[in-house]
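Scroll down for the structure; my scribbles are underneath it.
The values are calculated or read from the model by the stated rules, or taken from the named source; none is laboratory data. What you see is a predicted model; the values in this text were computed from it and never measured. Here Cβ is always computed from backbone atoms with ideal geometry, including for glycine, and neighbour counts include all displayed protein chains. Surface accessibility is based on the protein's heavy atoms, side chains included, excluding ligands, DNA and RNA. Shrake-Rupley method; radii C 1.70, N 1.55, O 1.52, S 1.80 Å.
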Amino acid sequence: MRKTTRGGRLLAFGFILSIAAHAQWLNFREPGVPRTPDGKADLRAPAPTDPTGKPDLSGVWMHETTTVAEMRRLYGGVIDEAIQVDVPGMEIGTQHKYSRNILLDFKPEEAPVRPETLERMRRNPARPTLSDACTPGFVFGFPLGGLVSEPIKIIQAPRLTMIVYEAGNFYRQIHTDGRRLPEEVNLPAFNGYSAGHWEGDTLIVETAGFNDKTPLDAMGLPHSEALRVVERFRRRDFGHLDYQITF
């Protein structure tokens, strides 16, 4: 992942095949998957298209991961503490580096955080952490739900695309039927309201209408109801999805 614009992030997702299926389907050969001569999935094959000719983003995807060594370098001793309470499937090294701090690339004095936000975080030391993820009432929201140890699933239909997050068991609806976001949202939602349109082979999604109850990362960075998000999804080939998010 690398910074592309101020507030923007570019993230590569990799396609997951049978490892995300139930145990009884581990050996199921999914129809339509291009394969190399030795029978393995050809992740470099051309991206599939939907009936309209647009790239089909459908599939189970996992973000690129950050190694344990790199997490130690970035975050110090807190990583060793986290390793002590690792649980299977959520070990350090299975998350993305931005899951803990979405503003990791910024120097503290240059981070685009308002003073009142920092004060709010100081007044509320009980910040949400990933160790709280399995407790009732914890809400991931995004992008956090797509940066932790669990994959996401994209389901693309002609007028609606859905993203299903394994972490937190929540989903988003992206309307691609030509509608625009309303100027005012009377009922703010945890994941806001999303409308998408295609520019060439890139799906651009605009989201607004958030409530202020979801953290942006595991350190608990908050946001207001004025948050607006723009995402860009581009399926580079069969097995790779480029993802950019701007706040």
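Highest mean packing first, where packing is the average number of other Cβ atoms within 10 Å per residue, the peptides 169-182, 29-42 line up as 169-182, 29-42. Computed extension gain for Asp50 through Arg236, at 0.36 nm per residue and net of the alpha carbon distance, reaches 65.5 nm.
A helix-only calculation puts the chain at -3000 deg cm²/dmol for mean residue ellipticity at 222 nm, using -39500 (n - 2.57) for each DSSP H run of at least four residues, averaged over all residues. Any aspartates and glutamates with Cα under 17 Å of the Lys40 Cα? List them, leaving off those in the same chain fewer than 8 positions away. By straight Cα distance, Lys40 reaches Glu30, Asp237. Dividing the mean sequence gap of close Cα pairs (under 8 Å, 6+ apart) by how many residues the chain holds gives a relative contact order of 24 percent. Listed peptides 54-60, 118-124 appear in the order 54-60, 118-124 once ranked by packing, highest mean of other Cβ atoms within 10 Å at the front.
So how do Glu81, Glu199, Glu183 rank on accessible area, 1.4 Å probe, biggest first, that is with the largest at the start? Please list the in-between numbers first.
Numbers: Glu81 125, Glu199 100, Glu183 180 Å².
The residues order as Glu183, Glu81, Glu199, largest area first.
Classify the stretch 137-219 from the C-alpha gyration tensor, please: rounded if a/c falls under 1.5, else prolate or oblate depending on whether a/b exceeds b/c. Show your work: numbers first, answer last.
Details: a/c = 2.13, a/b = 1.27, b/c = 1.68.
Oblate, since a/c reaches 1.5 and b/c is not below a/b.
Tell me whether the stretch 67-111 comes out rounded, prolate or oblate; compute the Cα gyration tensor, take square roots of the eigenvalues as a ≥ b ≥ c, and use a/c under 1.5 as the rounded threshold. It is prolate, given that a/c is not under 1.5 and a/b is the larger ratio.
Using C-alpha pairs below 8 Å separated by at least 6 residues, the relative contact order for the stretch 108-247 is 18 percent.
Antiparallel as a % of all DSSP beta bridges within the chain, to the nearest 5? Write down the numbers at each step before the final one.
Working: 49 of 52 bridges.
Bridges in the chain that DSSP calls antiparallel: roughly 95 percent.
Residue ranges 83-91, 159-167 sort as 159-167, 83-91 when ordered by packing (mean number of other C-beta atoms within 10 Å per residue, highest first).
For a straight C-alpha distance cut-off of 23 angstrom, the lysines reachable from Lys97 (same-chain residues fewer than eight places away being disregarded) are Lys3, Lys107, Lys153, Lys213.
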